[in-house]
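As structure tokens, the structure follows; a few thoughts come after it.
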């Protein structure tokens, strides 16, 4: 992705989180009213008017993954804060809204949103237009993973690399080259013991079932037209190997069965858990 233009896929993710608030059954997987505020009334009206599009199986599967990954990450973050972590770095933050709906347990966190400058500029403009005030524990740091190493970018922004830190990296790895991914993981692994990362990756499309392969093909066409094509795919075994090589000791993946049990049971079956993308988490 170029640092000359804002990410349209990041904005699309915000739309999906907003659609979840408006169209999906209760209880919600992710309670994110800030997404509606950040988008504004016109966008909210557009989502309501195009509800049939948002209720296709393909749209529901993609939306389920988007809200699941954020909910799971924030649950892991709560556990990290409980063991004393006080620094949260959101890699490829896009239009993430955690800072604007942070619960009381997060108030002592230092939150850093990392993304390319154009996306951050668009987000800050939207925040201003929505009347969403600057937060004392939130800071924006512009870093483009394919033009500057995460390590150098963190140093440039004066972010501490000597305290245990929680990282989220959602919906990014499929858009960047493998060496850039490896560099990010090695940098995170250079943080102190107890640091943790939660991130997503996309599995090779030729190994997916027919329906899942169709989902992938359709989404791939959309992101390619947006100028942000998928470039990296991994099996879980390859991700585990990368994490171990980087220095992570405790590595796990959120299975569909566990996600169903923790987040989707006890509610109407209006969302579909796709096998296309996966969620990994690892601790030093």
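Computed from the coordinates by the stated procedures, all read-outs in this text should not be read as laboratory data. Values in this document were obtained by computation on a predicted structure and should not be read as measured data. Positions of Cβ are backbone-derived with ideal geometry, glycine not excepted, and every protein chain shown enters the neighbour counts.
Projection of the Cα convex hull of region 22-98, averaged over all directions and equal to a quarter of that hull's surface, yields 6.0 nm². Mind running the shape call on region 1-48? Use the C-alpha gyration tensor, a ≥ b ≥ c as the square roots of the eigenvalues: rounded below 1.5 for a/c, prolate if a/b tops b/c, oblate otherwise. Cα axes put region 1-48 in the prolate bin.
With the biggest extent put first, the Cα atoms of region 101-186 measure 39, 29, 23 Å across the principal axes. With one equal scatterer per alpha carbon and no solvent term, the Debye-computed log10 I(q)/I(0) for region 1-140 at 0.12, 0.14, 0.15, 0.17 1/Å reads -0.49, -0.68, -0.78, -1.00. When peptides 186-192, 123-129 are sorted by average Cβ neighbour count within 10 Å, with the highest value leading, the order is 186-192, 123-129. Of the options (i) 1, 5, 12, 17, 20, 19, 15, 8, 3, 0; (ii) 1, 6, 12, 16, 17, 16, 14, 9, 5, 2, 1, 0, 0, 0; (iii) 1, 5, 11, 14, 15, 13, 11, 9, 7, 6, 4, 2, 1, 0, 0, only one is P(r) over Cα pairs in 5 Å bins from 0, in percent as computed from these coordinates, and that is (i).
Model label points for residue 137 and residue 207, set 7 angstrom from Cα along the Cα-to-Cβ axis, are 3.9 nm apart. The mean sequence separation of alpha-carbon pairs under 8 Å and at least six residues apart, normalised by the residue count of the chain, gives a relative contact order of 22 percent. Using a simple spin-label model with pseudo-atoms 7 Å out from Cα toward Cβ, residue 22 and residue 49 lie 1.0 nm apart. Taking every Cα-Cα distance in region 122-261 and sorting them into 5 Å bins from zero, the calculated P(r) comes out as 2, 8, 14, 18, 18, 16, 13, 9, 3, 0 percent. Structural descriptor for region 1-108: relative contact order 34 percent, calculated from alpha carbon pairs under 8 angstrom and at least 6 residues apart. For the pair residue 179 and residue 256, the difference between a 0.36 nm per residue extended length and the Cα-Cα distance amounts to 24.9 nm.
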